[in-house]
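> The structure's right below; bear with me while I get my questions together.
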Amino acid sequence: MVNIKVEFLGGLDVVFEKKRTYDLSIPTDGVDSFTMKDLLDYLVSNMIKNPNDVEVFIEDDTVRPGIITLINDADWELEGELEYEIEDGDVISFTSTLHGG
């Protein structure tokens, strides 16, 4: 089990039941590591209720371009992106920079 906080900002909360912050306890099924890739799979499978909303968040099996992803306030590119091993207490933030006009 991994316990983390996940934030959806910049309008992404609309995709996640209009809630900006979640404290999640995610079962890891005895696996030694739980990565960002695993988290994205979990979010898509368990938290996006409308299948049409997946493309707002995910593109080509990763976070869609235009969404800033932070791990404990650091750019996820500095942390290894999809391979980052999530630890208890991590704060993962997704912020959309895409806005309609």
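Any read-out appearing in this document is the output of simple, stated calculations on the displayed coordinates, not a laboratory observation. What you see is a predicted model; the values in this text were computed from it and never measured. Using ideal geometry, Cβ is built from the backbone for each residue, glycine included, and neighbour counts are taken over all protein chains shown.
> If you average the sequence gap of Cα pairs under 8 Å that are 6 or more apart and divide by the length of the chain, what percent do you get for the contact order?
On the way: 157 pairs, mean separation 40.3, N = 101.
Relative contact order comes out at 40 percent.
> Give me the angle, in degrees from 0 to 90, between the Cα long axis of helix 36-46 and the longest principal axis of the Cα atoms of the chain, rounded to the nearest 10.
For 36-46 against the chain, the angle is about 60 degrees.
> While we're here: Neighbour counts of other C-beta atoms within 10 Å: give me 91, 31 arranged from fewest to most.
Values: 91 13, 31 10.
Ascending Cβ contact count within 10 Å gives the list 31, 91.
> List the pair-distance distribution P(r) of the stretch 2-96, using every Cα-Cα distance, as the percent of pairs falling in each 10 Å bin from 0 up to the bin containing the longest distance, rounded to whole percents.
In whole percents, the pair-distance histogram is 16, 56, 27, 1.
> Just subtract the alpha-carbon distance of residue 9 and residue 87 from 0.36 nm times their residue separation and send over the number in nm, one decimal.
Contour length minus the Cα-Cα distance gives 25.9 nm.
> Can you check what the net charge comes to around residue 61, using other residues whose Cβ is under 11 Å from the Cβ of residue 61 (Lys, Arg +1; Asp, Glu -1)? Display every interim value, and only then the final one.
Details: positive: 37, 64; negative: 41, 59, 60.
Net charge around residue 61: -1.
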